[in-house]
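First the structure, in the form of C-alpha cells, and then the observations on it.
Nothing in this text is a laboratory measurement; each read-out follows from the coordinates by a stated rule. Just so it is clear, the structure is predicted and the values come from calculations on it, not from any experiment. Here the Cβ positions follow ideal geometry from the backbone for every residue, glycine too, while neighbour counts run over all protein chains shown.
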Amino acid sequence: MTRIAIGSGMMRGNDSRRDSPNDLWTPGAVTMPPEKNHQESLEEARSLLAGSAGTVSFSGAGLSAESGIATFRDAQTGLWARFDPMTLASAEGFARDPGLVTEWYRDRRRAIARAAPNPAHRALAAREEIEHITQNIDDLLLRAGADPARIVSLHGTMTRDRCHRHCGYEEEVDMRDPPGVRPCPQCGEELRPSVVWFGEMLPAEAWEKADWLCRSCEVLLVIGTSAVVYPAAALISVAHDAGAKIIVVNTQSSDASALADVEIIGRAGEIVPKLLQSPPGRGRA
Ligand SMILES: NC(=O)c1ccc[n+]([C@@H]2O[C@H](COP(=O)([O-])OP(=O)(O)OC[C@H]3O[C@@H](n4cnc5c(N)ncnc54)[C@H](O)[C@@H]3O)[C@@H](O)[C@H]2O)c1
Ligand SMILES: [Zn+2]
C-alpha cells in the first residue's frame, strides 16, 4: 500500500462545491463559455494528439455521465438526498451501518449494469495505443472494448467485492442482482465493494503505474473530472511538470483548467470522438 490516502483532507482548500448539497451539477449543462474559439481549441488538441507518441487518458465521473451514471455530487439527489456520500463511501460509515452502505452500493451497481458505454468510452477504447487511468469504478471503458491491461483503475471497481479486513479474499459480483451484506468465507469479516473509500490508501500497484504513465506520456487527455479528489488529481500536475501537454475536456472549468494547454468546454460524448477519430479517408476511423 502506498502511503497516500484518498480524501477530502487532500482536496483543494477553497472548493466550496463539496460542501454545498444545493449547488448540484445540472446534467448536460455546459456552463462556462470557452475563452478560445471552440473550433480552434479542437484543432489544437487534435494536432497535439496526432503528434503524440504516448497518450494517456485520465478520466473522472464526467466520462460516464452521458451513460446515465451520476457523478459524485449527483449521488446526493434522489433516494440518497438525506445521506452524505462521505458517510456512504468511508470505512467509518461502513462500520456504523454496513446494511445502509451495502444497499447504496447495490443501487449504484444496478445503475451501472443498466448503463451502456457512450461514444467517449468507445472512442477511447478504439485507440488501442492509448493507456487509461480512471477514477471511475464502473466498468464502461472495459465494456467499450478497452484492453484491461491498459486500464489503471485508481479507485478500484464495483464489479468485485473484497474482504473489509483485507485478508485477501475477493469475488466477482452480479451487477444486475448484487448481493447484500455477508461475511467473508475466509475470515468472517464483512465483504464490501472493492473500491477505495475516503481516507483509504490507493492500491500501490495502480498508483505506481499511473504515476509512471504520467511521468512518461507526451499528452494527458483529462476527461470529466473536477480534479478535487486527491491524490488522483495530483497526477495532472505530475504529467504537466514532466513536460506533457495537457488537454482538458469538461462541461465547465475545473481545478484542472489552470494546467491545461488546451481546454475544451463540452460534453465528453461529443468532444472525445472528435478528438480521437480521424476524418473519413485519413486512415484510422
Ligand atoms: N462513474 C463512476 O465510476 C463514478 C461516479 C461517481 C463518482 N465516482 C467517484 O467519485 C469521485 C469524484 O471525482 P471525479 O472527478 O471523478 O467526479 P466529480 O463528480 O467530482 O466531477 C465530475 C466532473 O465531470 C464533469 N462533467 C459532468 N458531465 C460531463 C460530461 N458529460 N462531459 C464532460 N465532463 C462532464 C463535471 O463538470 C465535473 O467537473 C472519484 O473518486 C470517482 O471514483 C465514480
Ligand atoms: Zn476475510
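Tabulated data
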item	result
Using a Förster distance of 35 Å, the FRET efficiency for Ala234-Asp177 (Cβ separation, nearest 0.05)	0.40
5 angstrom amide H check on Ser59, placed H, neighbours 5+ away	Ile133, Thr134, Gln135, Ile223
Derived scalar couplings ³J(HN,Hα) [segment 62-72; Karplus, 6.51 cos²θ - 1.76 cosθ + 1.60; whole Hz; x for Gly, Pro]	x, 4, 9, 4, 6, 8, x, 9, 4, 6, 4
Whole-angstrom gap from segment 208-272 to segment 90-167, using each part's C-alpha centre	20
In Hz, Karplus ³J(HN,Hα) per residue of segment 188-202 (6.51, -1.76, 1.60; θ = phi - 60°; x = Gly, Pro)	x, 5, 6, 8, 8, x, 7, 10, 8, 8, 4, x, 9, 6, 6
Potential lengthening between Lys209 and Met86 on full extension [0.36 nm per residue; Cα-Cα distance subtracted]	41.6 nm
Overall Cα dimensions of segment 155-252 - principal axes, largest extent first, Å	48, 28, 21
Extreme residue, positive dipole direction of segment 232-278, given options Gly269, Ser253, Ser237 (C-beta unit charges)	Gly269
Equivalent-ellipsoid semi-axes of segment 78-234, from the Cα gyration tensor, Å, largest first	27, 18, 16
